[in-house]
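Remarks on the structure that follows.
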Amino acid sequence: MPAKPTSNAPDPIRRNEASRKAILTAAFDLVGEVGFGKLSIEAIAARAGVGKQTIYRWWPSKGAVLFDALLMLSEDQATGRPELPDTGSLEADLKTVLRATVRELNDPRYDEPMRALNTEIVHNQELAAAYTERLHEPMQRLKRDRLRKAQQAGQLDPNTDLDLAIEMIWGPLLNRWLQRTGPLTPEYTDSIVETALRGLMPR
């Protein structure tokens, strides 16, 4: 009979997960230190203590590694099922969400990695498709659900195109961040919400 594995034998699943987290952490840290242009699979592998073939086995590019690194951080910070706040006041809830977004965009730990990811998405169709499927569309559904509740409560015009409303509310903030055309402040986010809702309220 074949010998049974001992209880202290290494668990390949745990080992792989530990390697995966080490790689993603290394990618996130390195892009903040050297920038995306100088980031390399070799440098990530050295920092994580793995062979570069291990990285290539799981990810097709350094952009894909960085995307998963940002997703991992989001998952680590999340508590429970993600959803937008619903206090009954759409204006208050949107201001809360956009203010939280501004805090994240202004955080120097996230600025370089997120800008690098946005730049890479423009040039990498495979990464753009992964971003749309794994992050953009899930977030769009959360936003649509919250705005649909507001419609049902009579806080938005019933004929409002919800996808267009999302662009009106979140678009100016992300555009200012990407183009560096002005400061990201709580006052700015509040003015976005107030201006957008004036055009979206029932007539």
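The numbers here are math on the coordinates, done by the rules we state, and not lab data. It should be emphasised that the depicted structure is a prediction, and the values quoted were computed from it without experimental measurement. So basically every Cβ, Gly included, is an ideal-geometry build from the backbone, and we count neighbours across all protein chains shown.
Data for the structure
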read-out: Aspartates and glutamates whose Cα lies under 13 Å from that of K143, excluding same-chain neighbours fewer than 8 positions away; value: E83, D86, D93, D161, D163, E167
read-out: Extension gain from A100 to S61, taking 0.36 nm per residue of separation minus the Cα-Cα distance; value: 11.0 nm
read-out: Förster radius 41 Å - calculated FRET efficiency between T195 and K21, Cβ distance, rounded to 0.05; value: 0.45
read-out: Distance between modelled label sites at T181 and Q53, nm, 7 Å Cα→Cβ extension; value: 5.0
read-out: Value in Å of the Kirkwood radius, where segment 67-147 supplies the Cα pairs that are averaged; value: 14.2
read-out: Cα-based reach from K149 at 29 Å (exclusive), listing lysines while leaving out same-chain residues under 8 positions away; value: K95
read-out: Cα-based convex hull, the chain, per residue volume (Å³, whole number); value: 174
read-out: Extension reserve of the Q140-L174 stretch, reckoned as 0.36 nm per residue once the Cα distance is removed; value: 10.8 nm
read-out: Point-charge dipole on Cβ atoms (K/R +1, D/E -1) for the chain, about Cα centre, debye to 20; value: 520
read-out: Ellipsoid semi-axes in whole angstrom, largest first, where each is sqrt(5λ) of the Cα gyration tensor of segment 137-203; value: 23, 14, 9
read-out: FRET efficiency for L164 and E126, using Cβ-Cβ distance with R0 set to 25 Å, rounded to 0.05; value: 0.35
read-out: Mean-position separation - Cα centroids, segment 144-203 and segment 98-128, in angstrom; value: 20
read-out: Relative contact order of segment 83-203, defined on C-alpha pairs under 8 angstrom at six or more residues apart (%); value: 35
read-out: Charge dipole (debye, nearest 20) of segment 83-203; +1 at Cβ of Lys and Arg, -1 at Cβ of Asp and Glu; value: 200
read-out: Charge dipole of the chain about the Cα centre (unit charges at C-beta), most positive-ward option of A64, Q53, A100; value: Q53
read-out: Relative contact order, percent, the chain [alpha-carbon distance under 8 Å, six or more residues apart]; value: 20
read-out: Among I41, Y110, T160 the positive-end extreme of the charge dipole of segment 39-181 (Cβ point charges); value: I41
read-out: Tensor-based shape of segment 13-76 (alpha-carbon gyration tensor, a/c under 1.5 rounded, otherwise prolate or oblate); value: oblate
read-out: Cβ-placed point charges (K, R +1; D, E -1), dipole of segment 13-76 about Cα centre in debye, nearest 20; value: 280
read-out: Calculated [θ] (222 nm, deg cm²/dmol) that DSSP helices of n ≥ 4 give over the chain, each run adding -39,500 (n - 2.57); value: -22500 deg cm²/dmol
read-out: Karplus-derived 3J(HN,Hα), 6.51/-1.76/1.60, for each residue of segment 142-147, Hz, glycine and proline x; value: 4, 5, 4, 4, 5, 5
read-out: Solution diffusion estimate, µm²/s, Stokes-Einstein, segment 83-203, Kirkwood Rh from C-alpha pairs, 37 °C, viscosity 0.692 mPa s; value: 213
